[in-house]
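Each reported figure results from applying straightforward, stated rules to the coordinates on display, with no laboratory input. Keep in mind that what you see is a predicted model, and the values were worked out from it rather than measured. No Cβ is skipped: glycine too gets one built from the backbone with ideal geometry, and neighbour counts run over all protein chains shown.
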Amino acid sequence: NVILGRAEYLMDRVTEEPVKKGLQTIITQVERITKVMNQLLAFARRKSPERTAVALKDIVEDGLELFRERLAKSRITVKLLFDDDCPLALADPDQMSQVFINLVMNAVHAMPDGGTLRIGLTSEKQMVKLTVADTGHGIPRDVIEKVFEPFFTTKEFGQGTGLGLTVVKGIVEEHQGSIAAESEEGKGTVIRILLPACSSSMQAG
């Protein structure tokens, strides 16, 4: 905060272009460091989920609203495939929102030239299945099994921390759920998450 504050203070007071450029670099890098630190803190201090009956459909729709302009600008078409009889999930709504936003962000990064984002919600035994699929550049077969490891990233240097999917996996497993990734180079990636469904008595209540 001190570094960022001083850099912004000086930025408003200098006129020399090379100095302004140097200050802008400082500001950009401090903002990037802050983002990394926040992800590290989220990874280290993740609170236990406060689980309640959650309509994942609402989480998806609210999350997509945040990305509406970005998706349009990136020429990404969204296709929603929701089962009408999909039950409510037993989950922490804030943490599920964090999970969904992470998955959409990864999908957007994987489709720099546009594509299709498919989001599905179905019932599977006593679970709710959330599927997030993109038509992006895909991930090589020997790499896909490492995507949930801490600090592993397929993004260019400076573009990702390698913590997003690790946090997602941690949240899902704390919910007694599971997560799996499938990918094919040049064809895209599919992430499938299974979460416990609410009992019928909870859904009725």
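Summary of values
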| item | result |
| --- | --- |
| Extension reserve of the V2-T131 stretch, reckoned as 0.36 nm per residue once the Cα distance is removed | 42.2 nm |
| Amide H contacts of T52 (H built 1.01 Å from N, under 5 Å, at least 5 apart or other chain) | A91, D92 |
| Long-range HN-HN contacts of V128 with modeled amide H, under 5 Å | L195, A197 |
| Positive minus negative residues near T52 (Lys, Arg vs Asp, Glu; Cβ under 11 Å) | -2 |
| Cα radius of gyration and Dmax for the stretch 104-149 (Å) | 12.8, 38 |
| Gain in span if fully extended, E174 to D113, counting 0.36 nm per residue against the direct Cα distance | 18.4 nm |
| Amide H partners (placed H, <5 Å) of L117, local residues excluded | T77, V78, K79 |
| Calculated FRET efficiency for the pair K35/E124, C-beta based, R₀ 30 Å, to 0.05 | 0.30 |
| 9 Å beta-carbon shell around R118, net charge (K/R +1, D/E -1) | 0 |
| Which of G115, L90, T77, positive extreme of dipole for the stretch 1-146 (C-beta unit charges) | G115 |
| Label zone at E50, where the point sits 7 Å out along the Cα-to-Cβ direction: the stretch 171-198 residues whose backbone N lies under 19 Å | 171-172, 174-176 |
